[in-house]
Amino acid sequence: QKEVEQNSGPLSVPEGAIASLNCTYSDRGSQSFFWYRQYSGKSPELIMFIYSNGDKEDGRFTAQLNKASQYVSLLIRDSQPSDSATYLCAVSTGTALIFGKGTTLSVSS
Amino acid sequence: SAVISQKPSRDICQRGTSLTIQCQVDSQVTMMFWYRQQPGQSLTLIATANQGSEATYESGFVIDKFPISRPNLTFSTLTVSNMSPEDSSIYLCSVINNEQFFGPGTRLTVL
């Protein structure tokens, strides 16, 4: 059974701080990794994807991948109250995505 | 990108009945996916629907309970059959067009 694990949180950070979200996966053959953001009552929207070991930066977001440790993370710099949402880690099986249960982030102003 | 619409957006149904959810995409896509998101939970893949072939179901989901149609490259339906309160969930249609996009979801409540 392929699994994606996330700390459910909630993770609370003050405005302007760095939020760090973590994810581990069980399938060592996984190749593609995604972070989605889901606001309450809304559909998930893609924030970032990463395929290679190392860091990938996009604005305030940085995804980090370590395939040897089967670990992927998302850093949000200068966190804003509008970043408050549930962040879903997803791993590609080759076709569809397998999702973690998500980490709820709360950014206080 | 891909724009996905779903009908109905929400419904309240009685136990034992069936509901068919429609998913329409604004472009032709090879694979369409149906996910379920139960209250407070993450997304669980129900099945993958390819045009012209039988849908592929994930462990724990069967065709008799969740029959799927895929008549063309822009449309699919998911039926939730013989519903029980445990089927109360949000059902999401999804496609891959360079990245994976999700429809707005259908919020189902079974009484």
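The values are calculated or read from the model by the stated rules, or taken from the named source; none is laboratory data. Because the structure is a prediction, the values reported are computed rather than measured. Methodologically, a virtual Cβ is constructed for each residue, glycine included, from the backbone with ideal geometry; neighbour enumeration extends over all protein chains shown. We work out accessible area using only protein heavy atoms, side chains counted, and drop any ligands, DNA or RNA first. Shrake-Rupley method; radii C 1.70, N 1.55, O 1.52, S 1.80 Å.
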- Query: Quick check, is A:Val107 modelled with pLDDT of 95 or more, among the β-branched types (Val, Ile, Thr) and out of contact with any Asp or Glu (no Cβ under 9 Å at 6 or more places or on another chain)?
  - Reply: no
- Message: Taking the condition of being surrounded by fewer than 20 Cβ atoms within 10 Å (Cβ to Cβ) and not β-branched (Val, Ile, Thr), how many residues in the stretch B:14-35 meet it?
- Response: 11
- What is the number of the single condition among (1) touching a residue at least 60 places away in the same chain (Cβ under 8 Å); (2) open to solvent by 50 Å² or more (accessible area, probe 1.4 Å); (3) within 14 Å of chain B (Cβ to nearest Cβ); (4) among the hydroxyl-bearing types (Ser, Thr, Tyr) that A:Tyr87 does not meet? (2)
- Item | Filter result (without any contact (Cβ under 8 Å) to a residue 12 or more places away in the chain and closer than 16 Å to A:Ser79 by Cβ) within the stretch A:53-66 | A:Glu57, A:Asp58, A:Gly59
- Which residues, counting only those in the stretch B:41-69, are open to solvent by less than 20 Å² (accessible area, probe 1.4 Å) and either charged (D, E, K, R) or assigned to a strand (DSSP E or B) (or both)? B:Leu43, B:Leu45, B:Ile46, B:Ala47, B:Thr48, B:Ala49
- Item | Enumeration of residues in the stretch B:76-111 that are surrounded by 16 or more Cβ atoms within 10 Å (Cβ to Cβ), away from every other protein chain (no Cβ under 12 Å) and not polar (S, T, N, Q) | B:Leu78, B:Val80, B:Met83, B:Asp87, B:Leu108, B:Val110
- Query: Which ranges mark the strands (runs of 3 or more DSSP E) fully within the stretch A:1-70 that have 1 or more residues being over 30 Å from B:Thr106 (Cα atoms), open to solvent by less than 50 Å² (accessible area, probe 1.4 Å) and of a type outside the set (Ser, Thr, Tyr)?
  - Reply: A:11-14, A:19-25, A:54-58, A:61-66
- Note: among A:Ile76, A:Ile50, just one is touching a Lys or Arg at 6+ places or on another chain (Cβ under 9 Å) and in contact (Cβ under 8 Å) with a residue 40 or more places away in the chain, namely A:Ile76
